[in-house]
Amino acid sequence: MHSDIQWIEAIAPDMVDMLSRRYLVLRTINWMAPVGRRLLAQTLGVSERTLRTETDTLRKLDLIMTNKSGMQVTQQGQDVLVGLSHFMDELMGIRQKERQLAQYFNIKRCIIVSGDSDRQLKVIGTMGEEVNQLLQQLLPEGRNIIAVMGGHTMEHVASRLTNKLGDKRDLLFVPARGGVGESVAIQANTIASQMAQHTGGKFRSLFVPEQVSERTYEPLLKEPSIQEVLAIIGQANVVVHSIGEAISMAHRRNMSEDQIKVLRSREAIGEAFGYFFDKKGNVVYRIPRIGLQIGELAHREIILAIAGGTSKATAIAAYMKNIAPKQTCLITDEGAANLILKKVIFYSEVAF
């Protein structure tokens, strides 16, 4: 059965091409603003002459404006982007890709946002907005304990949550695992605090070192304050986390060169919850941190995994295919999704 888009393409293919082209130009200006014509043309892979035709039209329609700094989208242009977003996602095949990925990974749901967060930082913010909307749909009324991980992606997610999440809900945010040692802004404690602030909820902190020896680990577990927070984490019905590229995460955590050599020798490609894994999802190295363990995820009602960018595609695919519980919802971007689909689905499960 034909979709509405297919009928439109059948009778007016030129209109669909023009709409897609102008929408892409408008969206890219919005991501890069203020931006000059030369840089925009290079980003889109078109000539400046071709681009000038489209930008002149967008300017006449009062969708963009130009000043000394470059081009930027007007409020009317912002409204057009919002109004067309779902239609354009369908037109560009994003909804179909979401269904394909969810089916391949055998997970509850996949949401793909336009763009590549490796190239356009604003895409991460868009993923954060999707997280906010998804939580509004999924969170039950009443008490919710939300365990969150740290990281740059999670920092952006926290900034996009709104107080609407707190309507008829008692929200308590807790760090999923201990991790004092990273930059303060991206520690799980800070993320939990920011999420609570934006939603009108509450938060609890877990102050333990990023990496501790087994000898140090045991007495820490006996501390009353740590036991109390761990008990709360154990009751969490929601987990929100990201997925990292192995070596980048190792450097971020200030792991030693010897440890990094081990990761390379064991072909680690991704990381989540302090667990480093290879392309088959086998855990090849683990940081002994206090808090939520991967094996405990299966008992959580709602799990959101947020990760995007072509650089993370391999790690995302390995984690989602081999480790993620079925109730996981993946929020990613076109950069990662297109590469995963190209390698995994269209080429009969080519190994990552």
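The values are calculated or read from the model by the stated rules, or taken from the named source; none is laboratory data. The structure presented is a predicted model; accordingly, all values stated were derived computationally and were not measured. Because the Cβ atoms are built from the backbone with ideal geometry, glycine has one as well, and the counts that use them run over all protein chains shown. Accessible surface areas use protein heavy atoms only, side chains included; no ligands, DNA or RNA. Shrake-Rupley method; radii C 1.70, N 1.55, O 1.52, S 1.80 Å.
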For this session: Would you mind stating whether Met92 is surrounded by fewer than 22 Cβ atoms within 10 Å (Cβ to Cβ) and touching a residue at least 60 places away in the same chain (Cβ under 8 Å)?
Result: yes
Problem set entry | Among (1) farther than 22 Å from Thr126 by Cβ; (2) touching a strand residue (DSSP E or B) at 6+ places or on another chain (Cβ under 6 Å); (3) modelled with pLDDT of 95 or more, the one test that Thr199 misses | (1)
For this session: Identify all residues within region 147-173 that are open to solvent by less than 20 Å² (accessible area, probe 1.4 Å), part of a strand (DSSP E or B) and over 20 Å from Gly244 (Cα atoms); write none if there are none.
Result: Leu171, Leu172, Phe173
Exercise. If we scan region 28-35, do we find a residue that is without any contact (Cβ under 8 Å) to a residue 60 or more places away in the chain and open to solvent by 20 Å² or more (accessible area, probe 1.4 Å)?
Worked result: yes
Seminar exercise, completed: Val82 vs (1) open to solvent by less than 80 Å² (accessible area, probe 1.4 Å); (2) in a helix (DSSP H, G or I); (3) among the aliphatic types (A, V, I, L, M); (4) closer than 27 Å to Thr199 by Cβ: all pass except (1)
For this session: Go through the residues of region 231-252 one by one and say whether even a single one is part of a loop (DSSP other than H, G, I, E, B), among the basic types (Lys, Arg) and at pLDDT below 90.
Result: no
Seminar exercise, completed: The residue from Leu330, Leu297, Leu304 that alone is in contact with a strand residue (DSSP E or B) (Cβ under 7 Å, 6 or more places away or on another chain), in contact (Cβ under 8 Å) with a residue 40 or more places away in the chain, farther than 27 Å from Asp116 by Cα and open to solvent by less than 20 Å² (accessible area, probe 1.4 Å) is Leu297
Exercise. Looking at Met15, Met71, Met65, Met1, which one is more than 17 Å from Val123 (Cβ to Cβ), modelled with pLDDT under 90 and not in a helix (DSSP H, G or I)?
Worked result: Met1
Exercise. Hey, among the residues in region 260-290 that are of a type outside the set (A, V, I, L, M, F, W, C) and under 22 Å from the mean Cα position of the chain (by Cα), which one's modelled with the lowest pLDDT?
Worked result: Gly274
Seminar exercise, completed: For Gly274, the lone unmet condition from (1) open to solvent by 10 Å² or more (accessible area, probe 1.4 Å); (2) under 16 Å from Val148 (Cα atoms); (3) not polar (S, T, N, Q) is (1)
For this session: With respect to Ile111, determine if the residue is touching a helix residue (DSSP H, G or I) at 6+ places or on another chain (Cβ under 7 Å), in a strand (DSSP E or B) and aliphatic (A, V, I, L, M).
Result: yes
